[in-house]
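No value in this document is a laboratory result; all are computed from the given coordinates. It should be emphasised that the depicted structure is a prediction, and the values quoted were computed from it without experimental measurement. Don't worry about glycine lacking a Cβ; one is built from the backbone with ideal geometry, like all the others, and counts go over all protein chains shown.
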Amino acid sequence: MSLPGNAVMKEEVVVPSAEAAAPGPTAPAAAESRPPARSAKARDLRPMVMTLWRSVGIPAVAIVLFLFIWSRLSSGIETSLGNIPGPAAVWSQTQALWADHLAEREKRAAFYQRQEQRNAARLAEDPTAKIVERKYTGKPTYIDQIFTSLQTVFAGFLLATIIAVPVGILCGLSKTVNRAFNPFIQLFKPVSPLAWLPIVTLLVSALYVSEDPMFAKSFVTSAITVTLCSLWPTVINTALGVASIDRDLLNVAKVLQLGVFTRLFKLVLPASLPLIFTGLRLSLGVGWMVLIASEMLAQNPGLGKFIWDEFQNGSSNSLARIMVAVLTIGFVGFLLDRAMYGLQSLFTFGARR
Amino acid sequence: MTRTGKFFGAVLLAIAQLAAAAGAQAAGLKLEKEQLKLGFIKLTDMAPLAIAYEKGYFEDEGLYVTLEPQANWKVILDRIITGELDGAHMLAGQPLGATIGFGTKADVITAFSLDLNGNATTVSNEVWALMKPALQVDAKGKVVRPIRAEALKPALDKFRAEGKPFRMAMVFPVSTHNFELRYWLAAGGINPGFYSPTDVSGQIRGDVLISVTPPPQMPATLEAGTINGYSVGEPWNQQAIAKGVGVPVITDFEIWRNNPEKVFGVTKAWAQKNPNTHLAVLKALIRAGMWLDANNGANRKEAAQILSRPEYVGADYRVIANSMTGTFEYTKGEKLPVPDFNVFFRYFANYPYYSDAVWYLTQMRRWGQIPEGKPDQWYQDVAKSVYRPDIYLQAAKLLVAEGKAKKEDFPWDSDGYRAPTKEFIDGIEYDGRKPNEYLAKMKIGLKGTEKVENGNVVAR
């Protein structure tokens with residue numbers, strides 16, 4: 001089966017050793033392996049300690065070392081906004097952002113209270129007046145920005161999945177379709193989100209016209225940019241997964257004269273699920289990276305815009321706040337990857353194949 | 001007085017009271033739209049918007065306003081046109097430029113000038129070092145201000161000798177900053193370059209190459225060496241001092257005393273569809289302007305504090321406070337009083353004068369953005385279709401009726417033209433009624449029927 005040359009994007013799943021050591025939920029061997037482990041603990045603590053050291057100790061030491069080097073190096077670099085912030089400055093800005101979030105929540109509560117009073121006064125004046133509940137008009141807090149980004153990335157990712165999985169299956173099942181799609185996949189896969197963005201922005205503002213739109217235009221623009229960039233890993237891996245199904249299985253399906261849909265849902269999909277999920281994980285990772293860039297450039301609400309605004313503010317706290325955002329982006333990206341990994345092991349039989 | 005007379009009087013009084021009450025009722029405008037999104041650029045002259053929000057003036061009018069920072073002026077204009085923004089902090093030249101179709105064509109109007117003055121021109125440390133020996137100093141060794149653009153010549157000569165272009169930045173082709181920078185340079189005998197219909201770079205025959213950079217990126221671009229100087233609003237000149245990347249050489253107050261600056265712009269269609277909402281927004285903005293200028297700027301410190309929040313301008317308080325509290329730091333430590341650096345209400349600052357609009361149009365003509373000569377009447381017609389003092393006065397009238405503003409603070413009888421003034425750096429008199437006569441007085445710049453063709457100024 002000739003698939004796009006670099007189709008094997010199946011990166012080896014990096015599992016922290018803690019998790020590797022813990023019995024997987026699907027592993028039938030788990031129940032059997034438990035009693036011996038316990039007796040081993042009674043006899044000799046060394047393997048336990050070694051596991052603990054490897055899973056917790058080494059990363060902890062590495063992190064401490066990293067923080068140390070960071071705080072040392074940062075104080076030596078002078079920018080026009082002051083020194084590069086060290087861990088302490090970043091931590092204090094994290095607290096500041098949280099305090100800011102709480103203060104803004106209080107302001108929001110006060111806003112709703114004022115609105116209620118105003119509406120009540122209006123009703124007292126004119127009982128027929130139409131009262132509409134207005135949303136809070138204040139700024140989104142840092143926490144709000146994180147959730148906006150998450151919503152956008154999931155919307156884009158969902159759209160990408162809906163398109164990519166069927167296309168991938170078609171490519172995997174038929175060499176003709178694969179050959180037809182291959183040039184496009186090769187051509188568009190390496191395109192950066194920044195190149196798509198102006199086109200998407202213009203298209204969205206031309207085509208998505210309504211008096212009372214359900215989604216903000218900026219949201220649609222970001223989501224579609226994410227879709228365009230995160231399609232490809234899923235398409236390629238799905239195609240590979242489908243194409244590499246055991247020939248025997250397909251032959252059996254032929255002998256049994258299974259219908260198209262039965263074959264698809266009982267055979268093709270289950271057999272290629274592990275690779276589809278590998279593709280989805282990569283797609284979500286790409287989508288998350290793309291989203292930040294597109295928010296920055298298109299001024300769409302979210303973490304990307306937060307960073308851009310802080311850069312434009314140029315205050316003495318800006319660099320530390322941007323650093324908080326960088327760490328948040330990394331952490332959220334990590335959580336997304338773990339979530340996808342969890343899904344993958346839920347949906348595939350026998351963990352990994 | 002007879003008994004019936006007394007009774008009649010009482011009835012009349014009661015009717016009058018009722019009418020007064022009804023008047024107060026009418027003051028609560030029937031709003032076409034309550035939820036608004038207004039855009040702004042991170043500059044201190046967006047202050048009236050922030051203050052109207054923070055002090056609850058918008059809410060007093062029953063408006064639910066969200067303020068949203070925008071990336072640059074082009075984005076503001078585009079989003080106003082697409083309706084993503086209801087109104088915005090805009091450059092005075094933007095509604096005019098859009099209406100006459102320089103750049104994006106759209107009908108945008110303004111009924112409110114946000115402020116007077118507030119800009120400055122900054123050069124890099126390298127250029128400042130070249131300028132300094134030629135500057136006049138007084139007995140105390142202080143540099144004599146205003147610094148005229150002639151002082152730039154040693155730097156220009158050195159750049160030319162080394163074969164390097166001298167680059168300066170402003171924020172938008174039709175921005176006040178562009179016209180002020182060009183005015184200053186031309187007054188010093190330096191050609192800032194022309195626009196033509198086929199070459200909109202604005203660099204034709206220029207002794208310096210002027211291009212566009214968004215305001216908040218100015219200090220970083222200067223530091224990177226991409227540009228050698230820039231003209232921008234605050235706090236980005238004070239930021240250059242704070243960061244030590246450049247030196248402000250002249251404020252726009254010194255180029256043209258009390259020049260009109262930003263405006264609050266909306267599309268014509270929006271204004272027609274939402275007349276009461278428009279009035280309500282203006283009322284809130286007028287009150288914000290009053291607050292900003294109240295008691296000789298007693299509130300300015302608080303204003304600077306509000307503006308330094310990340311959701312507004314976001315620069316450090318000390319940087320914003322420099323210019324917002326009536327001073328300006330020219331070189332490190334050299335902080336001079338400029339009490340009128342930002343004017344938000346005094347001197348009828350908010351009244352959208354036709355003569356201000358005409359001045360911008362003359363500058364567009366002078367540098368070729370308007371490629372062909374136009375009769376005086378054309379200037380007046382455009383000004384009157386874009387600048388709308390009638391709407392402004394309507395809002396002011398409502399405020400006076402509510403007792404929230406004083407009658408004498410508004411120029412009720414103005415015909416929309418300021419008195420002719422000579423308060424420019426080169427002393428040339430400007431009369432808004434005679435734009436062509438004004439243009440003819442300029443040494444550098446298009447006048448009469450002149451045109452830019454194939455990179456040359458040709459008379460027709």
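Okay, here's what the table says:
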read-out: Yes/no for A:T262 being in a helix (DSSP H, G or I), among the hydroxyl-bearing types (S, T, Y), away from every other protein chain (no Cβ under 14 Å) and touching a helix residue (DSSP H, G or I) at 6+ places or on another chain (Cβ under 7 Å); value: no
read-out: Test: residue in segment A:273-291 that is within 12 Å of chain B (Cβ to nearest Cβ), under 21 Å from A:S218 (Cα atoms) and of a type in the set (A, V, I, L, M, F, W, C); value: no
read-out: Matching residues in segment A:319-338 - criterion: being more than 18 Å from A:W70 (Cβ to Cβ) and within 12 Å of another protein chain (Cβ to nearest Cβ); value: none
read-out: Of the criteria (1) surrounded by 24 or more Cβ atoms within 10 Å (Cβ to Cβ); (2) touching an Asp or Glu at 6+ places or on another chain (Cβ under 7 Å), which one B:Y64 fails; value: (1)
read-out: Which numbered condition A:L65 fails, given (1) assigned to a helix (DSSP H, G or I); (2) over 29 Å from the mean Cα position of the chain (by Cα); value: (2)
read-out: Residue selected from segment B:223-237 under the condition touching a strand residue (DSSP E or B) at 6+ places or on another chain (Cβ under 9 Å) and within 11 Å of another protein chain (Cβ to nearest Cβ), by the criterion surrounded by the fewest Cβ atoms within 10 Å (Cβ to Cβ); value: B:E223
read-out: Strands (runs of 3 or more DSSP E) lying entirely in segment B:32-110 (those with 1 or more residues that are at the interface with chain A (Cβ under 10 Å from one of its Cβ atoms)); value: B:35-40, B:64-69
read-out: Some residue of segment A:150-172 being within 14 Å of chain B (Cβ to nearest Cβ) and either basic (K, R) or out of contact with any helix residue (DSSP H, G or I) (no Cβ under 8 Å at 6 or more places or on another chain) (or both); value: no
read-out: Qualifying positions in segment B:393-435 - of a type outside the set (A, V, I, L, M), within 23 Å of the chain's Cα centre (by Cα) and assigned to a helix (DSSP H, G or I); value: B:Q394, B:D409, B:P435
read-out: Filter result for A:G342 (under 19 Å from the mean Cα position of the chain (by Cα) and either within 14 Å of another protein chain (Cβ to nearest Cβ) or touching a residue at least 40 places away in the same chain (Cβ under 8 Å) (or both)); value: no
read-out: Candidate set: segment B:191-222, residues that are within 14 Å of chain A (Cβ to nearest Cβ) and assigned to a loop (DSSP other than H, G, I, E, B); chosen: the one nearest to B:R148 (Cα to Cα); value: B:T213
read-out: Single unsatisfied condition, A:S316 versus (1) crowded, with 20+ Cβ neighbours inside 10 Å; (2) within 14 Å of chain B (Cβ to nearest Cβ); value: (1)
read-out: Matching entry among A:L346, A:L275, A:L291, A:L282 (being out of contact with any helix residue (DSSP H, G or I) (no Cβ under 9 Å at 6 or more places or on another chain) and in a helix (DSSP H, G or I)); value: A:L346
read-out: Considering residues of segment B:295-328 that are of a type in the set (D, E, K, R) and within 11 Å of chain A (Cβ to nearest Cβ) only, the residue surrounded by the most Cβ atoms within 10 Å (Cβ to Cβ); value: B:D316
read-out: Some residue of segment B:374-381 being out of contact with any Lys or Arg (no Cβ under 9 Å at 6 or more places or on another chain), more than 23 Å from B:A98 (Cα to Cα) and not in a loop (DSSP other than H, G, I, E, B); value: no
read-out: Which listed residue is β-branched (V, I, T) and surrounded by fewer than 17 Cβ atoms within 10 Å (Cβ to Cβ), from B:V174, B:V144; value: B:V144
read-out: Residues (closer than 30 Å to A:S149 by Cα and small (G, A, S)) located in segment A:234-271; value: A:A239
read-out: Residues that are in contact (Cβ under 8 Å) with a residue 24 or more places away in the chain and within 13 Å of chain B (Cβ to nearest Cβ), drawn from segment A:217-235; value: A:S218, A:F219, A:T221
read-out: Subset tally (residues that are under 20 Å from B:E84 (Cβ atoms) and in contact (Cβ under 8 Å) with a residue 12 or more places away in the chain) for segment A:292-311; value: 13
read-out: Any hit, segment B:128-145, residues being more than 11 Å from chain A (Cβ to nearest Cβ) and under 19 Å from B:I41 (Cα atoms); value: no
